[in-house]
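Trainee: Here it is, the structure in full.
The values are calculated or read from the model by the stated rules, or taken from the named source; none is laboratory data. In this text, all values refer to a predicted model and were calculated from it rather than measured experimentally. All Cβ positions, even for glycine, are placed from backbone atoms using ideal geometry, and neighbour counts span all protein chains on display.
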Amino acid sequence: MRPDLILKTLEGEGFVACFVGGCVRDTLLGRPVHDWDITTSALPEEIMALFPRCIPTGIKHGTVTVLLRGESFEVTTFRRDGAYHDGRHPDGVVFVPNLTEDLARRDFTINAMAMHLDGRITDCFDGKADLKRGIIRCVGDPERRFREDALRMLRAWRFSAQLGFQIEDDTARAIRENAGLCRLLSRERVCAEAEKTLLSPRPETLSVMLREGLLAACGIEGDYELHALKTVSAEADARWAMLKVLIPKLDMQQFRLPSRRVQLAETAAAAYRPSYARQELKALLAASGEEVARVCAKLSNQEALLEEILQSGECVSLRGLAVNGRDFPALQGRSAGEMLRRLLDHVLAFPEDNNRQTLLRLAEEWSGNSDADGHKDVGDVKRQQKDTL
């Protein structure tokens, strides 16, 4: 929902108010808008006086979150940033009455446009022209922009990956010359930009970020070929798993990812094959479970085969066996488990045998006739028959 009511309320009280930043960029590009940010000449206390439901989320920096019809919108006073001594946040801000001065503090020209309620665009830095040319260019001096906030270097490549834009020469050179500043960034912020790039239409852009050292805060840099990422559906679990396949030494925990995602991606990467035979995919389901198998199927583009297996009703887990541990009272603990796993291995190869009568007969034969006595496993006999046919 576009929050026109917030702009109308502010303008009705004599303040200037506009949509600003990414929402303007995406509107001009015809892309979906997920966040409507608003900039205004009203001071934080004046904003809070006008709207009954507000949260002073960043009031020191002029930002108030207005709650409207079940959604939240950030409204920020026109401001000029103070000095940046930590390479990430301004030491303070100065509120200013001028929209142009507020736009001048922003990172890239395509993010430094404001849109009024009537659709007029305030564009002081040729952002519209850069949108048409497909250019990522800093507002003002790029070296100064990146020294203020090193995360902007990752954002430049992330926008390039998402939009398919080229980074303007001076901006690209400033990234290369100041990339070392990224070592001081928090891993959480680096991970957020890396994941957005990973899920973009051009995930291979991560290779540039790695080569230039922009992800060094997460303990990884170097020259890697990552074009295979594009062959995988744009889902976080699958693409992180493929990244682990392509960079085996990648320590995913350094990215502060959820432990479930790390474990899933690492397990899938270890089990990955470029292609699975039907029997191999069934064995993977049995060994690692459906969640891992789904990720592996996405990596090998065999989701249709996996779905066919799952829909077939064939047994691919101990739970699906026609017998359970209670059917073997003579076997204790580990022995019962080993028998069930042996039966599952047999059923994976011969699904037609997954019935109680057959499995009990097999278990009885295996218990009474060990391979050491020269008796063959029923599965071995069946495999020989299949080979003969």
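Matching residues to (1) over 20 Å from R69 (Cβ atoms); (2) modelled with pLDDT of 95 or more:
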{"site": "M1", "(1), (2)": "no, no"}
{"site": "L7", "(1), (2)": "no, yes"}
{"site": "C23", "(1), (2)": "no, yes"}
{"site": "L28", "(1), (2)": "yes, yes"}
{"site": "V33", "(1), (2)": "no, yes"}
{"site": "T40", "(1), (2)": "no, yes"}
{"site": "L43", "(1), (2)": "yes, yes"}
{"site": "M48", "(1), (2)": "no, yes"}
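Trainee: Suppose we filter R105, R88, R80 for residues that are in a loop (DSSP other than H, G, I, E, B), of a type outside the set (D, E), at pLDDT below 95 and over 13 Å from V20 (Cβ atoms); which single one remains?
Mentor: Values: R105 fails: over 13 Å from V20 (Cβ atoms); R80 fails: in a loop (DSSP other than H, G, I, E, B).
Of R105, R88, R80, the one residue that is in a loop (DSSP other than H, G, I, E, B), of a type outside the set (D, E), at pLDDT below 95 and over 13 Å from V20 (Cβ atoms) is R88.
Trainee: Considering only the stretch 91-105, I want to know if a residue exists there that is under 28 Å from the mean Cα position of the chain (by Cα), surrounded by 15 or more Cβ atoms within 10 Å (Cβ to Cβ) and under 27 Å from V190 (Cβ atoms). Give the derivation first.
Mentor: Keep residues of the stretch 91-105 that are under 28 Å from the mean Cα position of the chain (by Cα), which gives none.
No, because not a single residue in the stretch 91-105 is under 28 Å from the mean Cα position of the chain (by Cα), surrounded by 15 or more Cβ atoms within 10 Å (Cβ to Cβ) and under 27 Å from V190 (Cβ atoms).
Trainee: Tell me yes or no: at least one residue of the stretch 161-170 is among the aromatic types (F, W, Y), closer than 24 Å to E221 by Cα and assigned to a helix (DSSP H, G or I). Break it down stepwise before answering.
Mentor: Going through the stretch 161-170, the residues among the aromatic types (F, W, Y) turn out to be 165.
Within this subset, residues satisfying the condition of being closer than 24 Å to E221 by Cα are 165.
Adding the requirement that they be assigned to a helix (DSSP H, G or I) leaves none.
The answer is no; no qualifying residue exists.
Trainee: Now, a different point. Of the conditions (1) over 28 Å from the mean Cα position of the chain (by Cα); (2) touching a residue at least 12 places away in the same chain (Cβ under 8 Å); (3) at positive phi, G119 satisfies every one except a single condition; which number is it?
Mentor: (2)
Trainee: Of everything in the stretch 236-265 that's without any contact (Cβ under 8 Å) to a residue 24 or more places away in the chain and either among the acidic types (D, E) or assigned to a helix (DSSP H, G or I) (or both), which residue is surrounded by the most Cβ atoms within 10 Å (Cβ to Cβ)?
Mentor: M252
Trainee: If you take the residues of the stretch 136-156 that are farther than 15 Å from R25 by Cα and either in contact (Cβ under 8 Å) with a residue 60 or more places away in the chain or in contact with a strand residue (DSSP E or B) (Cβ under 7 Å, 6 or more places away or on another chain) (or both), which of them is surrounded by the fewest Cβ atoms within 10 Å (Cβ to Cβ)? Show your work before the answer.
Mentor: First, pick out the residues of the stretch 136-156 that are farther than 15 Å from R25 by Cα: 140-154.
Adding the requirement that they be either in contact (Cβ under 8 Å) with a residue 60 or more places away in the chain or in contact with a strand residue (DSSP E or B) (Cβ under 7 Å, 6 or more places away or on another chain) (or both) leaves 145, 147-151, 153-154.
Details: R145: 23, R147: 15, E148: 20, D149: 19, A150: 26, L151: 22, M153: 29, L154: 25.
Filtering first and then ranking leaves R147.
Trainee: Pick from R133, R187: which is over 22 Å from the mean Cα position of the chain (by Cα) and either surrounded by fewer than 18 Cβ atoms within 10 Å (Cβ to Cβ) or within 23 Å of D37 (Cα to Cα) (or both)? Full working, then the answer.
Mentor: Working: R187 fails: over 22 Å from the mean Cα position of the chain (by Cα).
So the residue among R133, R187 that is over 22 Å from the mean Cα position of the chain (by Cα) and either surrounded by fewer than 18 Cβ atoms within 10 Å (Cβ to Cβ) or within 23 Å of D37 (Cα to Cα) (or both) is R133.
Trainee: Being surrounded by 19 or more Cβ atoms within 10 Å (Cβ to Cβ) and part of a helix (DSSP H, G or I) is the filter here; which residues of the stretch 24-49 pass it?
Mentor: Selection gives V24, R25, P44, I47.
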